[in-house]
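**Student:** Encoded as structure tokens, here's the structure I'll be asking about.
Computed from the coordinates by the stated procedures, all read-outs in this text should not be read as laboratory data. On a predicted model such as this, the values are computed, not experimentally measured, just so you know. So basically every Cβ, Gly included, is an ideal-geometry build from the backbone, and we count neighbours across all protein chains shown.
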Number of protein chains: 2
Amino acid sequence: MDYYKRSAVSTVPNASALRIGIIGLSAGKGWAVKTHYPSILQLSSQFQLTALYDKNIQTALDTIQKLKLSNATAFPTLEGFAASTNVDMIVISIQAAYHFDVLLPLLEYSKKNPNLKYLFVEWALGRSVEEAETIYKAAADRGLQTIISLQGRKSPYIYRAKELVSQGYIGDINSIEVSANGGWYGYERPLKSPSYIYEFGNGVDLITTTFGHTIDMLQFVTSSYFSKINAMVFNNIPEQELIGDHGVRTGKKAKKTAPDHLLFQGSLINGNVPVSCHFKGGKPTKKFTKNFIIDIHGTKGDIKLEGDAGFAEISNLVLYYSGIRANDLPIANGYEVYDSSKEITEVYHLKNYNAVVGNIFRLYQSIADFHFNTKQIPNFPTQFIMQGFSFQGFPTLMDALILQRLIDNVHRSSISGVTMDVTNISNFP
Amino acid sequence: MDYYKRSAVSTVPNASALRIGIIGLSAGKGWAVKTHYPSILQLSSQFQLTALYDKNIQTALDTIQKLKLSNATAFPTLEGFAASTNVDMIVISIQAAYHFDVLLPLLEYSKKNPNLKYLFVEWALGRSVEEAETIYKAAADRGLQTIISLQGRKSPYIYRAKELVSQGYIGDINSIEVSANGGWYGYERPLKSPSYIYEFGNGVDLITTTFGHTIDMLQFVTSSYFSKINAMVFNNIPEQELIGDHGVRTGKKAKKTAPDHLLFQGSLINGNVPVSCHFKGGKPTKKFTKNFIIDIHGTKGDIKLEGDAGFAEISNLVLYYSGIRANDLPIANGYEVYDSSKEITEVYHLKNYNAVVGNIFRLYQSIADFHFNTKQIPNFPTQFIMQGFSFQGFPTLMDALILQRLIDNVHRSSISGVTMDVTNISNFP
């Protein structure tokens, strides 16, 4: 089948839907009800919510009632939830800081559910590379196919950029510049904003989130990991002013230990391409620059991706392309002859694309494609594989672990002042 | 006097003009006749060409005749030229690769000329930090006031940016991004282009020229040196295709050892400001980006400098400013109250400004200002001083040496893979 296009199979599956048990879905608030829930709802022939875990069972029962999840059961214990045979796929949509404590027992208990095939975890995978390694290994030992919400790979703009690059529309990549503004790590913060996102080490900050998602998208587009990197992490704003509702100044301040700036530079393994990245917190200054820019310069053309926030994985973007496709120029005496009629320009923008839901929705589509196709593959791999840089499929805990290793090297480089060789971080034994 | 404005003194000096002996001026071709000569000509009440050195005396005589330099004498020996008492200022406009071999004997011979006060040398000062140190020391021992052509400091756009920063128009600087394209270090080069600019180690390349001038301007604007830096130097294009006249392909290739990319990141001493710089060679790709960009983000506003080439010291630029001047907002309950009427926008562009001549011309103006003012200062300093970050004056060999030390650290960082502490490179014993 042509993996570049949506498959016909997934939209009309000839089998029963994948049964989902979810942790972190609440009808009242949060990320899951805004993203996972509408995605599952729109793919109701492929996915069905059958189990919810919440140690406060009333929360789970309320969610079932409010969202009319008529096929779902509420579980007050992790053990009961994990052991339920009415679940094919578990979705974890909780803070990264709790991943380790929840996932390890969950994976152990889940051995009682022979139907369980998939584990879907939110990025970041744990709080550190050590936690990520342990979680990854436990999931691999349990024999689950994993999914990580590095959903930027599913952004239509990222996908299109990857197509242009892989099909030779910009020739060889020559250099790359990235600039992103993660606005909230600045001089002020809302009084009601949870403090954990301003504390370093919770798996959600400028490095893990803004940088992590962005660099994952960049590697995906270029189909290359890095060979060497240098990073400088800054916390130049150790105290933030607390702002009340309607912008009222409270006169109070709060400590910030999370970084507000990251300088990152390095070279890609493929082509030794120089890449420089500037990730800033602080006030978004949109006067003369966009808050998200990726410039990819090639020998035959350029791609520019632009967005309004340093969170491209949940942003609507614009893609600009201009260039001449490799091998499209006529050859005379062994040389390409420039022909302006071969020059192409493309501006790609989906005006009403809701990237917050849309990219997660496309991730669920990929899972459905994978599941309803692989059922027909006789030699289904016993060892599940990572996505790497394939167009098809979805990012897995292996992809997440590679990214956590890169982030770990970012901090090591910043602390030690040494340029790190990261050529081998994508290797698995 | 107000050094921010042009002084009245310099335009009508009450003394005889400074007598200039020059090396490297040729009526036929080259940099000096396009820049030094018209600058001197336009300031004829302050400067007069009185001596030319060329070991081929006919070249010097031809130049005197063609340019109608009626007061100038041609010298065939460096010794005679250096000893001529009819010279107050020596201008060296030759390749940096020859600085060391010319300047050391010149300075020695010049002891026979008690009138000599000024030595003006083209950037870069020599081929390496070691040569620069030696030349600087010899000039200092000789007691000369030196001038280096880091003329970007005289660009009206750089000057205006420095004014805006120093007068609080962008508050505190928060972060800086620099991107420049030194077009010619690319996949092709003109057949008739001299090969020395593609060979590493001649004091004229992407690092010395594009980076050197640009980072000097940036330090000048921010009034800060760097505390730490990391750099990665690339030569990804080791062979260039030779292009004949009218773009004819010759089918020949030539070796390139000079770098084609530099990634540079670091923090300023003042405010620990993160700075990221991307200097690329290769094909200029102006589709979606300018070939020269400096973005300075502050807590109260932003400055953007844009140009068409990665050689801002010889380019006409555009300056964009938007922000609120520090202390311009009304205060209530101890807090600034936002008032949109205080927000200012400025676009500064001199449509017909010829930056190639103009910035050198302004450098000569500064020398005249200095000379015709200092003559009236009773306690003229016996030890001449460097410009540093003063608005007034002109960059000196001390400023050049600090820059050569930074460039040396760029190479050391790239080779060793270590982030360098450069806090002390601006110190002199």
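**Student:** In whole Hz, what ³J(HN,Hα) sequence does region B:102-115 give by Karplus (6.51, -1.76, 1.60; θ = phi - 60°), x for Gly and Pro?
**Tutor:** So the J values, rounded to whole Hz, are 8, 6, 5, x, 4, 5, 5, 4, 5, 4, 7, 10, x, 7.
**Student:** Same structure again: What list of ³J(HN,Hα) couplings, whole Hz, do you get for region B:118-127 from phi and the Karplus terms 6.51, -1.76, 1.60, once you set θ to phi - 60° and write x for glycine and proline?
**Tutor:** Each residue's phi maps through the Karplus curve to give 10, 10, 10, 10, 6, 5, 8, 7, x, 9 Hz.
**Student:** Just rank B:S341, A:S267, B:S44, fewest to most, by other beta-carbon atoms within 10 angstrom.
**Tutor:** Details: B:S341 6, A:S267 23, B:S44 10.
Sorted ascending by nearby Cβ count, the order is B:S341, B:S44, A:S267.
**Student:** If you keep only loop residues by DSSP, which trypsin sites (Lys or Arg not before Pro) in region A:134-202 have at most 10 other Cβ atoms within 10 Å of their Cβ? Could the numbers behind the result be given before it?
**Tutor:** Values: sites: A:K137, A:R142, A:R153, A:K154, A:R160, A:K162, A:K192; in loops: A:R142, A:K192.
For trypsin sites (Lys or Arg not before Pro) across region A:134-202 that sit outside H, G, I, E and B with at most 10 neighbouring Cβ atoms in 10 Å, the list reads A:K192.
**Student:** Across region B:202-207, in residue order, what do the Karplus-derived ³J(HN,Hα) couplings come to in whole Hz, using 6.51 cos²θ - 1.76 cosθ + 1.60 with θ = phi - 60° and x for Gly and Pro?
**Tutor:** Working through the residues one at a time gives 9, x, 9, 7, 4, 6 Hz.
**Student:** Taking H as built 1.01 Å from N, whose amide H comes closer than 5 Å to the amide H of B:G186, not counting residues under 5 places away?
**Tutor:** Correct list: B:G282.
**Student:** Which far-off residues, 5 or more places away or on another chain, put their amide H under 5 Å from the one on B:F120, with H placed in the peptide plane?
**Tutor:** Under 5 Å from the amide H of B:F120 lie the amide H atoms of B:I90, B:V91, B:I92, B:I147, each far enough along the sequence or on another chain.
**Student:** Mind checking the mean number of beta-carbon atoms from other chains within 10 Å of the Cβ atoms in B:243-254?
**Tutor:** Working: counts 0, 0, 0, 0, 1, 0, 6, 0, 3, 0, 0, 0.
Average per residue, whole number: 1.
**Student:** Still on this structure, I have one more. Calculate how large, on average over all directions, the projected area of the Cα convex hull of the protein assembly as shown is; give the answer in nm² to one decimal.
**Tutor:** On the way: hull surface 164.0 nm².
Result: 41.0 nm².
**Student:** Okay, next question. At 222 nm, what helix-only mean residue ellipticity would chain A give, in deg cm²/dmol to the nearest 500, using -39500 (n - 2.57) for each DSSP H run of four or more?
**Tutor:** Values: 10 runs with 113 residues, N = 429.
My calculation for chain A gives -8000 deg cm²/dmol from helical runs alone.
**Student:** Take every residue in peptide B:270-281, count the Cβ atoms of other chains within 10 Å of its Cβ, and give the average of those counts. List each step's numbers first, then the result.
**Tutor:** Working: counts 0, 1, 4, 3, 11, 3, 14, 4, 12, 3, 7, 2.
What the average comes to for B:270-281 is 5.
**Student:** Partner chain Cβ atoms within 10 Å, averaged over the residues of B:292-298 - can you pull that number for me? Numbers along the way, then the final one.
**Tutor:** Numbers: counts 0, 3, 0, 6, 2, 9, 3.
That works out to 3 on average.
**Student:** Order of A:I92, B:I385 from fewest to most other C-beta atoms within 10 Å? Don't skip to the answer; put the middle values down first.
**Tutor:** Working: A:I92 23, B:I385 11.
Lowest to highest Cβ neighbour count: B:I385, A:I92.
**Student:** At what distance in angstrom do the alpha carbon centres of region B:141-165 and region A:292-308 lie from each other?
**Tutor:** If you average the Cα positions of each part, the centres end up 35 Å apart.
**Student:** Separate question: For chain B, what's the relative contact order in percent, using C-alpha pairs closer than 8 Å and at least 6 residues apart? Could the numbers behind the result be given before it?
**Tutor:** Numbers: 911 pairs, mean separation 78.7, N = 429.
Answer for chain B is 18 percent.
**Student:** List every residue whose amide H lies under 5 Å from the amide H of B:H261, counting only residues 5 or more places away in sequence or on a different chain, with H placed 1.01 Å from N in the peptide plane.
**Tutor:** When sequence neighbours closer than 5 places are left aside, the close amide H contacts are B:F234, B:N236, B:G281.
**Student:** Test of understanding: ordering B:T85, A:T50 by Cβ neighbours within 10 Å, fewest first, what list do you get?
**Tutor:** Details: B:T85 11, A:T50 20.
Ranked by crowding around the Cβ, least crowded first: B:T85, A:T50.
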